[in-house]
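Student: Shown below is the structure under consideration.
Laboratory data are not the source of any read-out in this text; all were calculated from the coordinates shown. In this text, all values refer to a predicted model and were calculated from it rather than measured experimentally. As a convention, Cβ positions derive from the backbone with ideal geometry for all residues, glycine included, and neighbour counts pool all protein chains shown.
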Amino acid sequence: MAGILSVTDPDRLGKTDRVDAWWVEPLLTVLGLTAFIVYSTWAAFQGDHYRFGPYLSPFYSPNIKEWFGWNLDFSFAFSILWVPAGFRATCYYYRKAYYRSYFMDPPGCAVGEPHGRSYLGETEFPFILQNLHRCFFYLAAIVLAFLWYDAYEAFFFKDAATGPATFGMGVGTIVLLVNVVTLTGFSFGCNSLRHLIGGKLDCFTCGATARIRHKLWGGVSLLNLRHTEWAWVSLFAVGFADLYVRLCSMGIWHDIRIF
Amino acid sequence: MAEVRKFKVYRGDKNGGQLTEYNVQVEPGMVVLDGIHQIQRTQAADLACRWNCKAAKCGSCSAEVNGKPRLLCKTRLDDFDPAEIITVRPVKTFPLIRDLVCDVSWNFEVNKKIPPLTPKKTADWVMHQEDMDRVQEFRKCIECFLCQNVCHVLRNHDLKDRFYGPRFMVRIACLEMHPMDGLDRTKLLKDEAGLGFCNITKCCTEVCPEEIHITDNAIIPLKERVADRHYDPLRAFWRKIMGADHPCTCADGG
Amino acid sequence: MSAESKYETHEYDVLVIGAGGAGLRAAIEASAMGARTALVCKSLLGKAHTVMAEGGIAAAMANVDPQDGWETHFKDTMRGGVFVNNWRMAQLHAQQAPDRVRELERWGAVFDRTHDGKILQRAFGGHTYRRLVHVGDRTGLEMIRTLQEKGVHQGIDVFMECAVTRLLKDGDRIAGAFAYWRETGRYVIFKSKAVVLCTGGIGKAYKITSNSWEYTGDGQALAYHAGAELLDMEFLQFHPTGMVWPPGVSGLLVTESVRGDGGQLRNNKGERFMFKHIPDRYKPQISETEAEANQWIAEIRAGKQPTARKPAELLPRDIVARGIYMEVKEGRGSPHGGVFLDISHMPAEYVKKKLPSMYHQFKDLADVDITREPMEVGPTTHYIMGGIRVNPDTQESAVPGLFAAGEAAGGLHGANRLGGNSLSDLLVFGKLAGEHAAQHAKTAGPPKVDDAQADGAAREMNEFFTRADGENPYQIHAELQDMMQSLVGIFRVEDELRKSLEKLATLKNRAARVCIKEGNKMFNPGWHLCKDLQNMILIAEAVARAAQFRKESRGAHSRLDHPGFNPEFAKVNTVAFKGRDGAMQLEGRPLPEMPAELKQLIETEKNHKERHG
C-alpha cells in the first residue's frame, strides 16, 4: 500500500482542516527555547560574573578553573555545558518539542508538512544518536551532584575578612536550591532512567530485586508523568539562577540575606 | 426546542467528492454519530459510515471532525461553539472507499507479521496484578486506528512499507512486557517494524480515545529496549569483555 | 453460465459466519483440526458485539471461593433459566468453561489477578459464588482480541465486511452461502461442507437496545429458511440497567458489575426497592435487609469470605428488570424514566479501577460523574436466550452440516441467562461447534452449488434497486422497533401479542416491496438495511408467536394475563419452523429427559438451605 494515500493532493506545510489555534503551541515552544539558547550561549561566553559570595552559577559548575587553578583563556562553561545540553537535546520530551516546532515534522497533529518519503526519522545519522540519551543521563547525574553541592555551599557565607563561614540563607540560596530541585525532578523523571531502573524487566514480581525495582520504576514513572512540566520549569530555573548570580555579581541586583 | 445544526459531510469515493451540507435536528446530549444516523434516516439513506457499539468500545466510527481525528460516537455536539459548522471527513491516511469509510486492511496485514505470545518453557502462569497493570493498559486498545491515522510517518510521509505505526508498537509492547512471553522482538522492532521512524511527536497519544500513553509507555520503552541491544556503547563494551551476548529481555534485565 | 463462474467463489471445509467470540472460537477449533476454514463477518474483525460484554466469563474455577465447582455452576444456570434449559448444554458448559478460560490465558489474555497470582473472579447476579473471570469492565474486548490474534496467526481466512444473505443447500445438506461484499456490493459464493452460524442476536428489532446494527437476527433467519428450527424465541432478556439519558445513548449497557461491586438501586423516594422482589427460591442466598447487603459488600471488598447473603440487586436479570419497570410504572422513577443506580458511596479510586469504562461512558456521554452522583438506568433489550435448536453435544442443527453457537443458538440459558454465562457459552460451544463442523467436513463429500439458488439470491438483492417505487427501509425499521418495544416488551398480554402479529404481517408485506433510490451497491447502508429488515421482521414474528404460545410467566417471559408458572408449560420448549406452505409453524416440544444424578442435584438444591453465597 506504500505510495497510496487517500487524498491525492500533496501536503502543504500547515495544511489542515483544524479550526483551532494549533500553531500556538509550536510558536511558544520556539520562542521559549530560542530565548533560552540565546541567553545561555551569551552567558557561557562571558567567562565572568558567575560567582557571587557563596553562590555559583549552574552554568559554571563544577568550577574547574578554581579547583585546578587553571588559567583558561576560554570560558570554561563550554567544557561543562555540553553535558546538560546533550541531556536535554536527546531528551524524549525536547525531541518532541523541537521536531514539532523547529523542524515542523509535524508542526501539529493532523497538520500538513511537505510530503516526502525521504523522511528518515531517527533511523540514520544524525538523529540515530538520540539513542545515546542514557549516556547523557549518566553524565548529567554527575553534574547534578555538583549542583547539589553548590546549593549546600550556598548556605555558608564567608565574612569579608576571610573569617569562618557562617550558616545563613539568602534569596540566592533559595534560587540555587529551587534550581537543583527542579533539575532533579527533571533528571529523575528521565525516560531512559525509567527503563534502566525497572522498565526493562518483563516481570516485576519475579524475585526480591525485581519487586524493589518495580517500586523505583513506579517513582520514576510518577515524575515522568510530568516530564514536560519539569523540563520547562527546570529550564527556566537554571537560566534564572545564572541570571541571578550574574546580576548580583555585576552589582545590578542586591542579594537579600534572610538570616 | 428544535435547534438545528449545520453539518458538512464528505460524500464521494476514490474518484473524488465534496462536502455536502445537511441540517440536523439537535437533541440533548447528541454526538456526531447521532447526527450522521439522522442524515441516513431522513436525507441520505446511502451515506456510508462504519459504526457498531456507539459507546467508544469497538473503535469503528473513526473520522475527522473539524480537522481532528475523533470517534464520532464520543464527539458531542455541545463540545463545539453553537455557531460552528460540524465538518466530518473520512480519516486521511487510508484509501477512501466511500463517504466516511476507508480501507484500513493494511493494519490487519501488519498485525499478521507480529509473532504472537510465545510462552516461555518455564511459564507457570502465576502472574501478579503489578505485572498485569502495565500490560492491561495496552490491552485497552480498541483498534480505532486513529493513532495510525494521525501518525505523520504514515499520514504525511506514507511510509507504510517501513513503519508499523503506533497501534502495532502498542501491540508489540504488550507482548514484550508480558511476564510469560519468551520471545525477543527487538530485532523486528529495529528493522522491519521501523521503530526508529517514530520521532516521538506524540500525536498518537493525543488522539487515543482510550487514553493509552502510547508514546511514553509503549514506544519509548521499546526504543530503550532496542537501545539496550544495539546502541548502548557501555553495554556493547561489557558484552565484548564478558564474551556473552545477553538478550536484554531475559528475566532480570541481562 | 454456472453460478461458480458467474460469481466470485471460494471453497472451504468449514465456513463460519460471524466473528464474535463464538465465531472466532469455532474457526480456531476447526482450523486446528486441519479444516480449511473461512470466517465471514459483517463488520471489521474485532468489532463484533462481544467487545461490548463487560462483566466477565462465568467459570467455576474456584480461585476465590474454593467451594465452587461445575455442579454449582450447573445448578445456578438451571435455576436462573427456570429449569427449561437444555440440561446437557448446561452440564457441558459448566464442566468445560474453566478449561476454555485457561486456554484463553495461554493465548495471551491478561485477566485481573488475586493476591496469590491466580485469575480473580467477581460476584454476579444469580451465581452462588464469585465466579466471573474479568478484566475491569472490558472483558469482552480482552476475549475478542485474544481470539482474533490466535485466529489470524493460525491461518484462518477472514472475509471482513461481507454479509451472507442466504444459505445454499445441496439437497438436504448444506452447500455453502451466498454473500455480498459491503465495500463493492459484488456477490460472492462460499462453497463449504459445513457452515457454523455465530451471528448473535436480534436486538435491533427493538427501539431501546444495547445491541449494535449488526444484531438483526441474520443467523436465525438464515437457519430458518434453510430448514432448521428456532427454539424458545419468547425468552428475550431485557438487561435491567441500560442508560436512559441522553436520548442518543438510551439503551446503552451499564454493566451488572456495577451492582456486583456494590452498586445500589433506588427509586425517587430513596428506597432500595429490590428487597421487595425476592422470590422464595432465592431467599437462601439473597439478603433481606440493607444492613446484611452492606455487610456482604464490606466483606467482599476486604477480600474475605462473605458470611452475609448477597444484596437483592444481584438477583437474576429478569427479576431486577421487572422490579425497575414496576417502580417507573408506578411513578417512583427518576426524572428521565429510569431508576437510580448508585455506586458513589464507594471510594472514587475503587470505582475508577473496577469500572473504568463505565466511569468514562457516563462522564463523556451523560456528564455524570459516577463516583459522586447516581446513574439513571432502565431496562434495555439485551440478549435472546432462544435461538437455533442444536444437538447439545455437537451443536449441529436439524440441517446436516449446519451448526450454530453462541447467542444465535438456543437451549443453554433456558428462560433467562445469568450474567457471565454468555461469554463462557461462546467459548465452550464455539469450540464444540468448530470441532464437530470440522469432523463433519472430514466425512462429507464436496457440495454442489445450485445455480438457481445463487441466481435467486442475487435477484433478491438486485431488486431493492430495480423496483420502481417502494418505501424507505429506515421508516419501516423505525415502525418495527416501536411496535416490538410496546407490544412484545417486558410484559406481554394476549391482546397485544395478537396485534403485534397483525402489524408484523403488514410490515412484512411492506418490507417485501422496500427499495433504495440513492447511491449504488458500493458501501450503501440503506441497501444493506433492506435485507436486514426482512430478517428482523421474520425473527420478530418468531418471538411474538412463541410469546403467544407460552401461556405462563417464566424467566424473562412475563405474561400479565398468565402470571406465575404453568406446570404444562414447565415441560416444554417452544419450537418455530417453516411449514410446508412456507408459513411459520409453532409447537411445544417436551424437554429432554434429565439423567437421575443431575435431577438429584437440582432437587438437593431446591431443599438445601445454603447459608451464604
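Student: What residues of region C:397-427 lie in the reach of a label at C:Q585, counting those whose backbone N is under 18 Å from a point 7 Å from the Cα along Cα→Cβ?
Tutor: In region C:397-427, the label zone of C:Q585 (backbone N under 18 Å from the point 7 Å along Cα→Cβ) covers C:398-400.
Student: Right, next: Which percent, to the nearest 5, of DSSP beta bridges fully inside chain C are antiparallel?
Tutor: Values: 44 of 68 bridges.
Approximately 65 percent, going by the DSSP bridge assignments.
Student: Still on this structure, I have one more. Evaluate the charge dipole of chain B about its Cα centre and quote only its size in Debye, nearest 20, assuming +1 on the Cβ of each Lys and Arg and -1 on the Cβ of each Asp and Glu.
Tutor: Values: 38 positive and 36 negative charges, 129 e Å.
It works out to roughly 620 debye.
Student: Something else about it: Would you check region C:240-379 for Lys pairs whose C-alpha atoms are within less than 25 Å, ignoring same-chain pairs closer than 8 in sequence, and give me the count?
Tutor: Lysine pairs satisfying the spacing and distance rule in region C:240-379 number 17.
Student: Which whole-Hz ³J(HN,Hα) couplings does region B:75-88 yield from phi under the Karplus relation 6.51 cos²θ - 1.76 cosθ + 1.60, θ = phi - 60°, glycine and proline marked x?
Tutor: Listing the rounded values in order: 9, 8, 5, 6, 6, 9, 4, x, 8, 6, 7, 8, 9, 10 Hz.
Student: Per residue of chain C, what 222 nm ellipticity follows from adding -39500 (n - 2.57) for every DSSP H run with n ≥ 4, rounded to the nearest 500? Show your work: numbers first, answer last.
Tutor: Details: 17 runs with 229 residues, N = 613.
So the helix-based figure for chain C works out to -12000 deg cm²/dmol.
Student: Can you give the local net charge around B:K14? Use residues other than it whose beta-carbon is closer than 12 angstrom to its beta-carbon, Lys and Arg +1, Asp and Glu -1.
Tutor: Details: positive: B:R98; negative: B:D13, B:D99, B:D103, C:E183.
Charge balance near B:K14 sits at -3.
Student: What does the net charge come to around C:A547 if you take all other residues with beta carbon closer than 9 Å to its beta carbon, with K and R at +1 and D and E at -1?
Tutor: Numbers: positive: C:R492, C:R545, C:R550, C:R559; negative: C:E234.
The answer is +3.
Student: Please list, in chain and number order, the residues 5+ apart from C:R554 or on another chain whose amide H is under 5 Å from its amide H, with Hs placed from the backbone.
Tutor: Placed amide hydrogens put C:R559 under 5 Å from C:R554.
Student: Suppose only helical runs count, i.e. DSSP H with n ≥ 4. What mean residue ellipticity at 222 nm does that imply for chain A under -39500 (n - 2.57) per run, divided by all residues and rounded to the nearest 500 deg cm²/dmol?
Tutor: Numbers: 9 runs with 134 residues, N = 259.
Computed ellipticity for chain A at 222 nm equals -17000 deg cm²/dmol.
Student: Between the helical axis of A:24-46 and the dominant principal axis of chain A, each derived from Cα atoms, what acute angle in degrees is found, rounded to the nearest 10?
Tutor: The angle comes out at about 40 degrees.
Student: Given charges of +1 on the Cβ of Lys and Arg and -1 on the Cβ of Asp and Glu, with all other atoms neutral, how large is the dipole of the protein assembly as shown about its Cα centre, in debye to the nearest 20?
Tutor: Working: 136 positive and 133 negative charges, 143 e Å.
The calculated dipole for the protein assembly as shown is roughly 680 debye.
Student: Identify unpaired cysteines across chain A, taking unpaired to mean no other cysteine Cβ lies under 4.7 Å from the residue's Cβ.
Tutor: By the Cβ distance rule, which asks for a partner under 4.7 Å, the isolated cysteines are A:C91, A:C135, A:C190, A:C248.
Student: Skipping prolines and chain starts, which residues have an amide H placed within reach, meaning under 5 Å, of the one on C:V16, given they are 5 or more residues away or on another chain?
Tutor: Long-range HN contacts for C:V16: C:A38, C:L39, C:V40, C:V196.
Student: Convert each backbone phi in region C:197-211 into a coupling constant with the Karplus relation 6.51 cos²θ - 1.76 cosθ + 1.60 (shift: θ = phi - 60°), then list the ³J(HN,Hα) values in order as whole Hz, x for Gly and Pro.
Tutor: Karplus values, whole Hz, x for Gly and Pro: 8, 9, 9, x, x, 10, x, 6, 6, 10, 6, 9, 8, 8, 8.
Student: Enter the mean number of other protein chain beta carbons within 10 Å of the beta carbon of each residue in A:190-197, as an integer. Don't skip to the answer; put the middle values down first.
Tutor: Working: counts 0, 7, 5, 1, 5, 10, 5, 1.
For this peptide, the per-residue mean of nearby foreign Cβ atoms is 4.
Student: Per residue of C:473-486, how many C-beta atoms from partner chains lie within 10 Å of its own C-beta, taken as a mean?
Tutor: Mean shielding by partner chains, rounded to a whole number: 1.
Student: Can you tell me how region C:240-379 classifies by the Cα gyration tensor, rounded, prolate or oblate, using a/c under 1.5 as the rounded cut?
Tutor: Since a/c reaches 1.5 but b/c is at least a/b, the shape of region C:240-379 is classed as oblate.
Student: If Lys and Arg each add +1 and Asp and Glu each add -1, what is the summed charge of the other residues whose beta carbon sits under 11 Å from the beta carbon of A:L13? Provide the component values of the computation, followed by the final result.
Tutor: Details: positive: A:R12, A:K15; negative: A:D11, A:D105, A:E113.
Taking every Cβ under 11 Å from that of A:L13, the sum is -1.
Student: Round to the nearest 10 and give me the degree value, 0 to 90, for the angle of helix A:171-187's Cα axis relative to the longest principal axis of chain A.
Tutor: The two axes meet at around 30 degrees.
Student: Applying a 10 Å radius around every beta-carbon, put C:565-575, B:176-186 in order of their mean neighbour count, most first. Before the final figure, lay out each step's value.
Tutor: Working: C:565-575: 16.5, B:176-186: 20.8.
Answer by packing, highest mean first, reads B:176-186, C:565-575.
Student: Under a 5 Å amide H to amide H cut-off, with H placed in plane at 1.01 Å, what residues pair with C:A109 once short-range neighbours are removed?
Tutor: none
Student: Exactly which trypsin sites (Lys or Arg not before Pro) in region C:277-352 are in a DSSP loop and have at most 16 other Cβ atoms within 10 Å? Intermediate results must be reported in sequence, preceding the final value.
Tutor: Values: sites: C:R281, C:R301, C:K304, C:R309, C:R317, C:R322, C:K329, C:R332, C:K352; in loops: C:K304, C:R309, C:R332.
Those satisfying the criteria are C:K304, C:R332.
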